[in-house]
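The values are calculated or read from the model by the stated rules, or taken from the named source; none is laboratory data. Since we're looking at a predicted model, the values are computed, not measured. Don't worry about glycine lacking a Cβ; one is built from the backbone with ideal geometry, like all the others, and counts go over all protein chains shown.
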Ligand SMILES: Cc1cc2nc3c(=O)[nH]c(=O)nc-3n(C[C@H](O)[C@H](O)[C@H](O)COP(=O)(O)OP(=O)(O)OC[C@H]3O[C@@H](n4cnc5c(N)ncnc54)[C@H](O)[C@@H]3O)c2cc1C
C-alpha cells in the first residue's frame with residue numbers, strides 16, 4: 001500500500017487541494033450518518049476516513065476509483081449521509097467520496113417527460129426545479145431535503161407518492177454509474193421508449209453503494225397536479241389511525257400520501273415549538289388532483305376517518321405538518337441522539353404492527369414515536385424512532401430497539417430496510433437463497449471489494465489479523481440482542497428524558 005502522504009498528493013493532483021480534506025475535524029464529521037452510533041463502535045471499525053474527496057464530474061469520480069487500485073485504500077460513496085445503518089460511513093478508513101458537489105439538475109425534457117440530474121442533488125433540489133417547469137416527481141423519499149438522488153436509489157428508498165406514482169425504482173429511466181474498474185455504465189438505452197429492452201437499473205437500486213458510484217440519473221416526471229390538500233384526523237388511539245390507513249386502500253382511494261404519527265411525536269415537537277399541534281394520535285393524508293377530484297377525495301376520507309372515530313382537525317394543522325414534511329426528526333435536538341428503525345410490513349397487518357412497535361419501545365423503556373406510511377397497495381412502512389444518549393456506552397443499548405423491531409417485522413411477514421454497517425445479519429432473512437447470487441454479483445463487479453467492501457454482505461472489522469478481520473453477521477445480531485437485554489435491565493436516562501417523563505406525569 002502506498003503511504004498516506006503519497007495517496008494524498010495523488011488525490012490533490014486529481015481534484016485540487018480545496019476538494020480533498022484530511023483534517024481531524026473534517027474526518028470526524030464523516031464518521032457517522034444519521035444513525036447514532038455509540039463511541040464503543042470505534043473499537044470495531046475505523047469510522048474516520050483517511051481523506052474526504054469531493055468530485056465535481058463523472059470523470060473525476062472515475063479517476064478516484066482508479067486511484068484506489070494504486071493506494072489500495074477503500075472507497076465509501078456518500079450522498080447526504082442521512083441513512084440509518086452506517087452505509088455511508090467507512091469501516092476501514094480510506095477515501096470517502098462525498099457526491100454533494102455533483103448536485104446539478106441538468107435538463108428537463110417535456111417530450112420524454114424526464115429530468116436528468118447529477119447524483120449528488122437532493123430530491124428537494126430536483127423537486128423545486130421540476131415544479132418550476134410545471135411538472136412533479138411521481139414519488140419522492142420522505143427525507144427529500146437531505147437525501148440525494150444517488151443515495152436514496154442505493155438505499156432502495158420509499159416515500160411520498162408511492163400509492164399513486166409507483167416506487168422510486170419505477171421512477172428511474174436510467175442511471176450512469178462508474179463501476180469499480182473505473183469504466184462508465186449506462187444502465188438502460190435511451191432509445192428504449194417502450195421500456196422493452198433489457199435494463200440493468202434495478203441491479204443498482206438498493207445496492208447500498210456496493211456495485212459502483214452513481215453519477216447521473218434520468219428520472220420520470222408527471223404533470224403537476226392542480227391542487228394538493230393535506231388533511232389531518234385525530235384518533236382515539238394509533239391502531240384506529242392504522243385501520244383508517246388500511247381502509248384507504250380497501251376503498252380504492254389513491255391519495256398522494258397517507259401517514260400516521262403517535263402523540264409522543266407532538267409532545268417532542270411542542271417542547272421545541274410552542275405552536276406545535278396538540279399531542280394526539282393522528283393521520284395525515286394528502287390528496288391531489290383537480291378541484292372537484294380533491295373535493296371528492298376529501299369527502300371520502302372524512303367518511304373513512306369517521307368510521308374509526310376520527311375527528312377532522314383544522315386546516316392549519318395539516319398545512320403545518322405538510323410544510324414540515326421533509327423535516328420529521330426535530331426531536332433529535334432534544335436528546336443526544338436518535339435512532340430510526342425502518343421496516344416494511346404488509347398493510348393488512350399495520351394495526352398490529354403499530355401496537356407491536358409501541359410495546360417494544362415501552363418494554364425497552366425508551367422514549368420515542370411510532371410512525372408509519374402507506375408505501376403501495378399492499379405494503380406499509382413502519383418507521384418508529386427512539387431517543388438515545390450515544391455519548392455513553394450504555395446509551396448505545398438503545399440500538400437493541402432496531403434489532404427487536406426488525407425481528408418483529410420478519411414475524412409479521414415483512415422485513416427491516418437497510419443493511420449498511422451493522423444490520424448485515426438481516427441479509428439472508430431478507431433474500432433467502434438469492435443471497436449467494438447477490439454476493440456473486442458483487443464479486444463480478446468488484447472482485448477486490450474496494451467500494452463499500454465489508455458491508456451489506458459481510459462485516460469487516462478494522463483489524464488486519466486473520467480471525468479478527470471479519471465477524472460472522474450473526475455476531476452483530478447477538479451484540480444488538482445483548483444491547484436490548486441490557487437496556488431492559490438498566491435503562492439509561494439522560495437529562496431530556498427525565499424532563500420529558502416529568503411532563504408526562506404532570
Ligand atoms: C428525516 C429522514 C427521513 C427518511 N425517510 C426515508 C424514507 O422515507 N424512505 C427511506 O427509504 N429512507 C428514508 N430515510 C433514510 C435515508 O435518508 C434514505 O435512505 C436516503 O435516501 C439516503 O440518501 P443519502 O443521500 O443521505 O444517502 P447516504 O446516507 O449518504 O448513503 C446511503 C447509501 O448509499 C450509498 N451511496 C450514496 N450516494 C451514492 C452514489 N452516488 N452512488 C453509489 N452509492 C451511493 C452509500 O454508500 C450508502 O450505502 C430517511 C432518513 C432521514 C434522516
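Pick from region 145-158 the residues that are buried (at least 24 other Cβ atoms within 10 Å of the Cβ) and over 13 Å from residue 83 (Cβ atoms): which of them is farthest from the ligand (Cβ to nearest atom)? Explain how you work it out, then say what you get.
The initial filter retains those residues of region 145-158 that are buried (at least 24 other Cβ atoms within 10 Å of the Cβ), namely 147-155, 157-158.
Remaining after also requiring over 13 Å from residue 83 (Cβ atoms): 149, 158.
Details: 149: 8, 158: 5 Å.
Here the answer is 149.
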Exercise. For region 23-116, which fully contained strands (runs of 3 or more DSSP E) count at least 1 residues that are under 30 Å from residue 190 (Cα atoms)?
Worked result: 75-78, 95-98, 105-109
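Could you pull out every one of the helices (runs of 4 or more DSSP H) wholly within region 252-344 that has 1 or more residues that are in contact with a strand residue (DSSP E or B) (Cβ under 7 Å, 6 or more places away or on another chain) and farther than 24 Å from residue 401 by Cα? Talk me through it step by step, then tell me what you get.
Values: elements: 263-272, 291-307, 315-323.
Per the criteria, 291-307, 315-323.
Residues are listed down the side, and each one gets a yes or a no for (1) in the same structural domain as residue 76 (by TED's automatic domain parsing); (2) at pLDDT 90 or above; (3) closer than 29 Å to residue 374 by Cβ:
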residue	(1), (2), (3)
418	no, yes, yes
435	no, yes, yes
443	no, yes, no
449	no, yes, no
453	no, yes, no
457	no, no, no
461	no, yes, no
Exercise. So which residues in region 147-162 are at pLDDT 95 or above and in contact with a helix residue (DSSP H, G or I) (Cβ under 9 Å, 6 or more places away or on another chain), if there are any at all?
Worked result: 147, 148, 149, 150, 151, 152, 153, 154
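Pull up region 117-143, narrow it to residues that are in a strand (DSSP E or B) and more than 15 Å from the ligand (Cβ to nearest atom), then point me to the one that is nearest to residue 322 (Cα to Cα). Reasoning before the result, please.
So the first thing to find is which residues in region 117-143 are in a strand (DSSP E or B), and the list is 117-118, 122, 135-136, 140-141.
With the extra rule that they be more than 15 Å from the ligand (Cβ to nearest atom), the set shrinks to 135-136.
Numbers: 135: 19, 136: 16 Å.
Applying the filter and picking the extreme gives 136.
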For this session: Among the residues of region 1-22, count how many are in a loop (DSSP other than H, G, I, E, B) and at pLDDT 95 or above.
Result: 2
Seminar exercise, completed: Of the listed residues (65, 29), the one being touching a residue at least 24 places away in the same chain (Cβ under 8 Å), in contact with a strand residue (DSSP E or B) (Cβ under 9 Å, 6 or more places away or on another chain) and within 16 Å of the ligand (Cβ to nearest atom) is 65
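In this structure, is residue 188 modelled with pLDDT under 95 and touching a helix residue (DSSP H, G or I) at 6+ places or on another chain (Cβ under 8 Å)? Give the steps one after another, and end with the answer.
On the way: modelled with pLDDT under 95: yes; touching a helix residue (DSSP H, G or I) at 6+ places or on another chain (Cβ under 8 Å): yes.
Yes, satisfied.
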